[in-house]
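Take a look at the structure set out below.
The values are calculated or read from the model by the stated rules, or taken from the named source; none is laboratory data. This structure is a prediction, so every number in the text was calculated from the model and none was measured. Note that each Cβ is placed from the backbone with ideal geometry, even for glycine, and that neighbours are counted across all protein chains shown. Heads up: the accessible areas ignore ligands, DNA and RNA and are worked out on the full protein's heavy atoms, side chains in. Shrake-Rupley method; radii C 1.70, N 1.55, O 1.52, S 1.80 Å.
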Amino acid sequence: EISPLLSMEAMAFVTEERKLTQETTYPNTYIFDLFGGVDLLVEILMRPTISIRGQKLKISDEMSKDCLSILYNTCVCTEGVTKRLAEKNDFVIFLFTLMTSKKTFLQTATLIEDILGVKKEMIRLDEVPNLSSLVSNFDQQQLANFCRILAVTISEMDTGNDDKHTLLAKNAQQKKSLSLGPSAAEINQAALLSIPGFVERLCKLATRKVSESTGTASFLQELEEWYTWLDNALVLDALMRVANEESEHNQASIVFPPPGASEENGLPHTSARTQLPQSMKIMHEIMYKLEVLYVLCVLLMGRQRNQVHRMIAEFKLIPGLNNLFDKLIWRKHSASALVLHGHNQNCDCSPDITLKIQFLRLLQSFSDHHENKYLLLNNQELNELSAISLKANIPEVEAVLNTDRSLVCDGKRGLLTRLLQVMKKEPAESSFRFWQARAVESFLRGTTSYADQMFLLKRGLLEHILYCIVDSECKSRDVLQSYFDLLGELMKFNVDAFKRFNKYINTDAKFQVFLKQINSSLVDSNMLVRCVTLSLDRFENQVDMKVAEVLSECRLLAYISQVPTQMSFLFRLINIIHVQTLTQENVSCLNTSLVILMLARRKERLPLYLRLLQRMEHSKKYPGFLLNNFHNLLRFWQQHYLHKDKDSTCLENSSCISFSYWKETVSILLNPDRQSPSALVSYIEEPYMDIDRDFTEE
């Protein structure tokens, strides 16, 4: 009797799009909670039996369903109820056991998702009774929905405080974590990976074609659940509009039963009426794949990364996604079919857009510093890489030789080539450009591979990037940064790339636009500056006609080779960062400044560069300001990098300078002896000395 009363209030609440309202607007829900209804429902649900007139009766699925519905509707309408439920840890754990029943699965999953969204401490999946058998018994549809819950349980909790993103804060947090052991998210990831066949089933879900998804009748039943289950009101809104549009075109109607209607009297069985529009099937599949790809992406970035990589490769996730690329992931769609109520076509909340971004993030995680990245190619493209190496008379990349050809992409094009094709067609203002560039750049990251670079150069990638930076004069900082980073990786140590650059940037006017973009934000462009500086150093030490020609003709190399240019970059790179503001994004500025000084040290010009920095300080009327700041930054650098294996390996691989040389250079610069010509303190006058500042964070 109570359930429909509260359902009506909750439906009204959602359809009003959660406007600020008084509690009295929803009196039934408020009064039900005020007089202990919520606590009583929790008690009823957690009892295996209930006594009625002296008889012990088992709680039926129907009663559990009503209880869950009332609880959820109360959470929707009455502030604070969800938080109170979240504090009952035993109840939250108990809710997982209700997912064993198909009848109560969707209600339970939606309530758990809401509760976990406000819960302060992350729940531990290893405390859920019989987790392995629970998940193993889910059908594919349930598993996809369960991924919505998993998304909350395996991602590290973010405090939302910007300061926590600084490297100082991260380092302090890591020290704290080391003493506390693995985080709840890491424990939950391990618990899931221990479930037999879990990753394999996720890969099957992610690569399942629309035609293989569940039949019409079961999907209509789920839509009925969605209709009564308010969390998905926006999704249903979109689905119903699509259905109506398609039915007008096809004269095939689809009837949705009213809430609570039974299959006998509410779900018509005539084939014309249960014919499901194709776009609705696609939307359904997109909603599932979104959650599944997110979970796979998080697992790929976790502690068990290598284990997950091995399984994802074995279960052919990449070739499967390649086969879905045109028809589902990057399909053409009508403007009306994919926009949720209250959103627009370019809104990141659109399922179609979110799927694309999640797909690109997965590719980025998959390729980043891992030899499995070659699974993004097909057999013909792998042969092309080998031919490039053979023609250049250089050894083939070992990872290419070790790639299991039975696990690579099939068809005419691999996933990387398909991505390049859509990247070139992307509109100038598209938000996808950032993610596309990041995904392609991750393929190039690590030890520089000439064959990888040439593979992309032959497909016109360099010209496309330069068009976006120079001719379209891209304004988005995020897109510019991703394009500069990609350009740096594409050109590093590659004479052919510099020749192509010079051919495209063939006038002073174009070159000035390019420089303007670089100088507009060094935080965004410094990786390119670093790559060009490193390339110049290598080219200058090579005896080769082709290299000599490029050195004499290339505007960019000529520009970077000038000491005043290098000093200008060096001064600004040091000036825009401070220990307290260092983040994962801008720490690259510190490493780029170090690269410039390491190369100067190789040429025995380090004292000259330090002396010039001192002069620049004086000319700006800030004696000691820059060099004190640099001294503090280098002290932090020692703390940060000498305790982290991965970061130091990345520095070594990307620069082709041994990490020992990095460490030596920093030690020389931090030498306290004021008589040393290569020590920073020798260039800071006594009255302006401020090098012992404590920057540690408790």
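At a glance:
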item: Residues satisfying the stated conditions in segment 563-590, i.e. of a type outside the set (A, V, I, L, M, F, W, C) and in contact (Cβ under 8 Å) with a residue 12 or more places away in the chain; result: Gln566, Arg572, Asn575, His578, Gln580, Thr581, Thr583, Gln584, Glu585, Asn586, Ser588
item: Residue list for segment 390-431, restricted to those being of a type in the set (Gly, Ala, Ser) and either under 13 Å from Asn378 (Cβ atoms) or in contact with a Pro (Cβ under 9 Å, 6 or more places away or on another chain) (or both); result: Ser406, Gly411, Gly414
item: Filter result (open to solvent by 10 Å² or more (accessible area, probe 1.4 Å), modelled with pLDDT of 90 or more and in a helix (DSSP H, G or I)) within segment 190-224; result: Ala190, Ala191, Leu193, Glu200, Arg201, Lys204, Thr207
item: Residue that is in contact (Cβ under 8 Å) with a residue 60 or more places away in the chain and either over 34 Å from the mean Cα position of the chain (by Cα) or within 23 Å of Ala151 (Cβ to Cβ) (or both), where the choices are Leu41, Leu106; result: Leu106
item: Options Ser593, Ser648, Ser654; residue that is touching a residue at least 40 places away in the same chain (Cβ under 8 Å), among the small types (Gly, Ala, Ser) and crowded, with 16+ Cβ neighbours inside 10 Å; result: Ser654
item: Residues that are open to solvent by 20 Å² or more (accessible area, probe 1.4 Å), touching a helix residue (DSSP H, G or I) at 6+ places or on another chain (Cβ under 8 Å) and charged (D, E, K, R), drawn from segment 596-619; result: Arg601, Arg602, Arg611
item: Filter result for Asp139 (exposed (fewer than 14 other Cβ atoms within 10 Å of the Cβ), at pLDDT 65 or above and of a type in the set (Asp, Glu)); result: yes
item: Test: residue in segment 386-406 that is in contact with a strand residue (DSSP E or B) (Cβ under 9 Å, 6 or more places away or on another chain), in a helix (DSSP H, G or I) and either farther than 29 Å from Trp435 by Cβ or not hydroxyl-bearing (Ser, Thr, Tyr) (or both); result: no
item: Whichever residue in segment 412-450 is part of a helix (DSSP H, G or I) and among the β-branched types (Val, Ile, Thr) and, among such residues, is nearest to Leu363 (Cα to Cα); result: Val440
item: Close pairs from segment 377-399: first more than 15 Å from Leu416 (Cα to Cα), partner part of a helix (DSSP H, G or I) and open to solvent by 80 Å² or more (accessible area, probe 1.4 Å), Cβ under 9 Å, at least 6 apart; result: Ser386/Leu401; Glu396/Leu390; Val397/Glu371; Glu398/Glu371; Ala399/Glu371
item: Which listed residue, of Ser482, Ser472, Ser476, Ser431, is over 20 Å from Glu384 (Cβ atoms) and either touching a His at 6+ places or on another chain (Cβ under 7 Å) or touching a residue at least 60 places away in the same chain (Cβ under 8 Å) (or both); result: Ser431
item: Test: residue in segment 161-175 that is within 23 Å of Ile115 (Cα to Cα), out of contact with any Lys or Arg (no Cβ under 9 Å at 6 or more places or on another chain) and modelled with pLDDT under 80; result: yes
item: Tally of residues being touching a residue at least 60 places away in the same chain (Cβ under 8 Å) and either in contact with a helix residue (DSSP H, G or I) (Cβ under 7 Å, 6 or more places away or on another chain) or open to solvent by less than 10 Å² (accessible area, probe 1.4 Å) (or both) across segment 657-670; result: 6
item: Hey, Val547 among the β-branched types (Val, Ile, Thr), part of a helix (DSSP H, G or I) and surrounded by 20 or more Cβ atoms within 10 Å (Cβ to Cβ) or not; result: no
item: Positions within segment 48-72 being farther than 18 Å from Lys103 by Cα and not β-branched (Val, Ile, Thr), in sequence order; result: Ser51, Arg53, Gly54, Gln55, Lys56, Leu57
item: Residues within segment 357-374 that are open to solvent by 10 Å² or more (accessible area, probe 1.4 Å) and either touching a strand residue (DSSP E or B) at 6+ places or on another chain (Cβ under 9 Å) or part of a helix (DSSP H, G or I) (or both), tallied; result: 8
item: Breaking point among (1) within 31 Å of the chain's Cα centre (by Cα); (2) assigned to a helix (DSSP H, G or I), for His643; result: (2)
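Table: residues versus (1) at pLDDT 85 or above; (2) open to solvent by 80 Å² or more (accessible area, probe 1.4 Å).
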position	(1), (2)
Glu9	no, no
Val14	no, no
Asp39	yes, no
Val42	yes, no
Arg53	no, yes
Ser64	yes, no
Cys67	yes, no
Leu71	yes, no
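Yes/no per residue for (1) in contact with a Ser or Thr (Cβ under 6 Å, 6 or more places away or on another chain); (2) of a type outside the set (Lys, Arg); (3) under 27 Å from Gln307 (Cβ atoms):
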position: Lys373; (1), (2), (3): yes, no, yes
position: Leu382; (1), (2), (3): no, yes, yes
position: Asn402; (1), (2), (3): no, yes, yes
position: Ser406; (1), (2), (3): no, yes, yes
position: Arg413; (1), (2), (3): no, no, no
position: Arg418; (1), (2), (3): no, no, no
position: Ser431; (1), (2), (3): no, yes, no
position: Trp435; (1), (2), (3): no, yes, yes
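Conditions tested, residue by residue: (1) at pLDDT below 95; (2) within 22 Å of Glu489 (Cα to Cα); (3) of a type in the set (A, V, I, L, M, F, W, C).
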residue	(1), (2), (3)
Asp348	yes, no, no
His370	yes, yes, no
Glu381	no, yes, no
Leu385	no, yes, yes
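Table: residues versus (1) touching a residue at least 40 places away in the same chain (Cβ under 8 Å); (2) within 24 Å of the chain's Cα centre (by Cα).
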residue	(1), (2)
Thr97	no, no
Leu111	yes, no
Ile123	yes, yes
Gln142	yes, no
